[in-house]
1. Suppose we filter the range 47-65 for residues that are farther than 17 Å from residue 29 by Cβ and surrounded by fewer than 11 Cβ atoms within 10 Å (Cβ to Cβ); how many remain?
2. Restricting to the range 83-112, give me the number of residues that are part of a loop (DSSP other than H, G, I, E, B), under 20 Å from residue 36 (Cβ atoms) and modelled with pLDDT of 80 or more.
3. Is it the case, given these coordinates, that residue 75 is at pLDDT 80 or above and not in a helix (DSSP H, G or I)?
4. Filter the range 27-43 down to residues that are part of a helix (DSSP H, G or I) and over 15 Å from residue 64 (Cβ atoms), then give me how many there are.
């Protein structure tokens, strides 16, 4: 697994504000995706899917969610999540996709 984040291309945006991270076209190479899935021990029954060409984070199919590689690489995030992490998210009414990878090390390292 490479330690470099996948390069991402931006969609053309006609408004004044630049696109947010959820509007960035996913630019993964399929090999990088499979290396992440294998390196992090994703179970086959979880059904991790390589994103379609030109998709963005908001394009996850029904029943799926987008998790960023930075969660795993920089945030030390692992699946399945701990009961502690799940209870903290539920208590604050948050979904894991709303969390910044920089904020994850506190949850996943100190309380495991």
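The values are calculated or read from the model by the stated rules, or taken from the named source; none is laboratory data. All of these numbers come straight from a predicted model, not from anything done at the bench. In this analysis, Cβ positions are derived from the backbone assuming ideal geometry, glycine residues included, and neighbour counts consider all displayed protein chains.
1. The number of residues fulfilling the criteria is 5.
2. 0
3. no
4. Here the count works out to 8.
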